[in-house]
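Data first, discussion second: the structure below is written as C-alpha cells.
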Amino acid sequence: GKLLYDAGQFEQALTSWQQAEQEYTRAGDSVNVIRSRINQAQAQKALGFYLRAVETLKELQQRVPEQPPSLEKVQILRSLGESYLATGDLKQARTFLQAALETAIAQNYAAESGAAYLSLGLLDRAEANRFPVPELAV
C-alpha cells in the first residue's frame with residue numbers, strides 16, 4: 001500500500017490497505033488492523049474523500065479510547081484534525097490537533113509533535129483568513 005501511495009496510485013493503495021485489514025483481522029492482529037485503517041484514511045484524503053476519512057477515523061477513535069497513549073492514537077487524532085481542517089470545521093480541527101500535540105509531547109513522539117505543530121500552524125493561518133486551507137501532505 002505504501003509503495004502505491006507514494007507513487008500517487010491512491011485508489012490502488014486504498015484497496016491494498018483494505019485487503020491488509022481483512023488479513024490482519026483474520027490473524028487477530030488488532031494493532032495492524034488499526035494501522036491499516038489509518039492508512040486507508042490517508043488514501044481517502046488523498047482522493048479528496050475527506051468526510052469518508054473523518055468517518056473512518058472517528059470509528060477508530062471510538063475503538064481505542066481505553067488503550068494507553070500510543071503512536072497510533074496520536075496519528076488518529078492528528079489525521080482527524082487535518083481532515084476536519086480540510087472540510088473547514090476549524091473548531092473540531094483545533095480540538096483534535098491540540099489533543100494530538102499534547103499526547104505526542106507527553107509520549108516523546110518528536111516527529112508527530114512536529115507534524116501536529118505544522119497542522120496547527122495551517123489551522124491558525126486558515127482562522128486568520130489569510131490564505132485558503134492548503135492540501136495536507138502526510
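Label reach from SER70 (point 7 Å along Cα→C-beta): in the range 9-50, amide nitrogens under 17 Å belong to 21-41.
For Cα pairs less than 8 Å apart in space and 6+ apart in sequence, what is the mean separation divided by the residue count of the chain, i.e. the relative contact order in percent?
Working: 164 pairs, mean separation 21.8, N = 138.
Relative contact order, the chain: 16 percent.
Any idea what the relative contact order of the range 45-88 is, in percent, if you count C-alpha pairs under 8 Å spaced at least 6 apart? Numbers along the way, then the final one.
Details: 22 pairs, mean separation 25.0, N = 44.
Relative contact order of the range 45-88: 57 percent.
The share of accessible area on the chain that comes from carbon and sulfur is 52 percent, using a 1.4 angstrom probe. Residues in the range 2-8 carry Karplus couplings, in order, of 5, 4, 5, 4, 5, 7, x Hz; the curve used is 6.51 cos²θ - 1.76 cosθ + 1.60 with θ = phi - 60°, and Gly or Pro positions show x. Okay, helix-only estimate at 222 nm for the chain: each DSSP H run of n ≥ 4 adds -39500 (n - 2.57), divide by all residues, round to 500 deg cm²/dmol; what do you get? Mean residue ellipticity, 222 nm, calculated: -25500 deg cm²/dmol. In a simple Cβ point-charge model (Lys, Arg +1; Asp, Glu -1; nothing else charged), the chain has a dipole of about 140 debye relative to its Cα centre. Working ranking of peptides 12-21, 78-87 by packing, defined as the average number of other Cβ atoms within 10 Å per residue, highest first, is 78-87, 12-21.
Relative to the longest principal axis of the Cα atoms of the chain, the long axis of helix 71-87 lies at roughly 60 degrees.
Coupling constants for the range 89-106 follow from the phi torsions by the Karplus curve (6.51 cos²θ - 1.76 cosθ + 1.60, θ = phi - 60°), and in residue order they are 8, 5, 5, 5, 4, 5, 4, 6, 5, 5, 5, 5, 4, 4, 5, 4, 5, 4 Hz; glycine and proline get x.
If Lys and Arg each add +1 and Asp and Glu each add -1, what is the summed charge of the other residues whose beta carbon sits under 14 Å from the beta carbon of TYR84? Walk me through the intermediate numbers first.
Working: positive: LYS45, ARG52, LYS58, ARG78, LYS91, ARG94; negative: GLU55, GLU82, ASP89, GLU127.
Once all neighbours under 14 Å are counted, the net charge is +2.
Sort the following peptides by mean Cβ neighbour count (other Cβ atoms within 10 Å, averaged over residues), highest first: 117-125, 90-98, 69-77.
Order by mean packing, descending: 69-77, 90-98, 117-125.
Once the Cα atoms are used to define both axes, helix 110-127 deviates from the longest principal axis of the chain by about 50 degrees. Accessible surface computed residue by residue for the chain, with neighbouring protein chains in place and a 1.4 Å probe, gives 55 Å² per residue. Take each peptide in 4-10, 52-58, 30-36, count the other Cβ atoms within 10 Å of every residue, and average; sorted highest first, the result is 52-58, 30-36, 4-10. The angle between the Cα long axis of helix 30-46 and the longest principal axis of the Cα atoms of the chain comes to about 50 degrees, rounded to the nearest 10. Contact order for the range 1-77, expressed relative to its length and based on alpha carbon pairs under 8 Å spaced 6+ residues apart, stands at 24 percent.
The values are calculated or read from the model by the stated rules, or taken from the named source; none is laboratory data. Every value quoted in this text rests on a predicted model; they were computed, and no experiment measured them. Positions of Cβ are generated from backbone atoms using ideal geometry, with glycine treated the same way; all protein chains shown enter the neighbour counts. Just so you know, the surface numbers come from the protein's heavy atoms only, side chains and all, with ligands and any DNA or RNA stripped out. Shrake-Rupley method; radii C 1.70, N 1.55, O 1.52, S 1.80 Å.
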